[in-house]
1. Basic (Lys, Arg) and at pLDDT 95 or above: is that true of residue 88 in this structure?
2. Could you tell me whether the range 33-43 includes any residue that is surrounded by fewer than 20 Cβ atoms within 10 Å (Cβ to Cβ) and of a type in the set (A, V, I, L, M, F, W, C)?
3. Here are the criteria: (1) more than 21 Å from the chain's Cα centre (by Cα); (2) surrounded by fewer than 22 Cβ atoms within 10 Å (Cβ to Cβ); (3) on the phi < 0 side of the Ramachandran plot; (4) not polar (S, T, N, Q). Tell me which single one residue 216 does not satisfy.
4. In the range 260-306, how many are surrounded by fewer than 15 Cβ atoms within 10 Å (Cβ to Cβ), in a helix (DSSP H, G or I) and of a type in the set (Lys, Arg)?
5. Determine whether the range 47-58 contains at least one residue that is among the hydrophobic types (A, V, I, L, M, F, W, C), over 16 Å from the mean Cα position of the chain (by Cα) and crowded, with 23+ Cβ neighbours inside 10 Å.
6. Here is a list: 199, 203. Which entry is touching a residue at least 12 places away in the same chain (Cβ under 8 Å), outside any strand (DSSP E or B), among the hydrophobic types (A, V, I, L, M, F, W, C) and touching a Pro at 6+ places or on another chain (Cβ under 8 Å)?
7. Of all the residues that make up the range 1-15, how many are in a helix (DSSP H, G or I) and within 14 Å of residue 72 (Cα to Cα)?
8. Being out of contact with any strand residue (DSSP E or B) (no Cβ under 8 Å at 6 or more places or on another chain) and assigned to a strand (DSSP E or B) is the filter here; which residues of the range 229-258 pass it?
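The values are calculated or read from the model by the stated rules, or taken from the named source; none is laboratory data. On a predicted model such as this, the values are computed, not experimentally measured, just so you know. When we count neighbours, we look across all protein chains shown, and the Cβ atoms used for this are built from the backbone with ideal geometry, even at glycine.
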Amino acid sequence: MKILVTGGAGFIGSALVRHLIGETKHCVINVDALTYAGDPSTVAAVARDPRYRFYRTDICDAPALRSLFSREKPDAVMHLAAESHVDRSIDGPAEFMRTNIHGTYCLLEVARAYWAQLPPDKQERFRFHHISTDEVFGTLGESGSFTEASPYRPNSPYAASKAAADHLVRAWHHTYGLPIVLSNCSNNYGPYQFPEKLIALQITRALGARSLPVYGDGRNVRDWLFVEDHARALVCVLTRGRVGESYNIGGNAERTNLQVVEALCAQLDRLKPHSQPYTRLIEFVPDRPGHDFRYAIDAGKVRRELGWSPAESFDSGLEKTVRWYLERPDWCSRLAAKYDGARLGLQKANGEMAPLLGRGG
């Protein structure tokens, strides 16, 4: 297939692109606006492959998307382009509404018009795969897991914007017949992650001998998924998932935030020992506003129907991640120019209404 991947220079998107080019025979059309979290270096390893092409395009730019679809004639869309950091969504929700909601709408409309003019056999094979998050389901207590039937109860601006996008994708399937599949994943970690997310942030801060901030008492729980396992799962959903269905993808690796940071410190103590344990850098800081207590994914459906399971445990994936960052100090220092690791998400949004349209290409 020729697969159009949006957000393919971001963290999860680039892992998907590298997997598609490196491990399959599919062609990839990478569409990314290269905002702060998108970086061409994430796909440099495959950039010269004849099955790969890149377009710097904003998904809110409908004319550019129409031109791109007409030129490239994709067989499938894998939609990962999104603003994705909860703390940033607290400080400035407008860009999340623009990209995650309006951008998804623009992409759906362009894909629908393109799909409608395809011959019947190609219409039958076409897929629109929307990649989302477990945060749309809200928060769990001490027990239980999110399933595909869990009600939507988003609690942050980011989660609400992704929930809205999920609903748009379902609506375009039920109303217009667009052949879609959806997936909702747990917290990803691994190589090339922008250092605003927990594991990447703590690695880069620890290597700079800076404090390791842990929100609240550190008891909030997340399920962790190695990004390369996620990329494999996404290809399974696209190629073998049932039209109109959603699939939860998780790593079966629940940890409290404090446990994650302590495990990270233990890896660093072993791989890059310092005169004192890295745990001395842990600092408890005021909690995030509206911080969801616990997420956990029941990935039974994707295992039963599609035969996928994670290859990495949390410990093995974390070791690979730490080694990757240790081997690339220049990459980390270059990204520090975009984000210095300062705390986000404690400010009140400025309340200004940002326009939904504009900033194309």
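1. No; evaluated as a whole, the condition is false for this residue.
2. yes
3. Every condition holds for residue 216 apart from (3).
4. Adding up the residues that qualify gives 3.
5. No, because not a single residue in the range 47-58 is among the hydrophobic types (A, V, I, L, M, F, W, C), over 16 Å from the mean Cα position of the chain (by Cα) and crowded, with 23+ Cβ neighbours inside 10 Å.
6. Step by step, each of 199, 203 is checked, and only 203 is touching a residue at least 12 places away in the same chain (Cβ under 8 Å), outside any strand (DSSP E or B), among the hydrophobic types (A, V, I, L, M, F, W, C) and touching a Pro at 6+ places or on another chain (Cβ under 8 Å).
7. Summing the residues that are in a helix (DSSP H, G or I) and within 14 Å of residue 72 (Cα to Cα) in the range 1-15 gives 0.
8. Passing the criteria: none in range.
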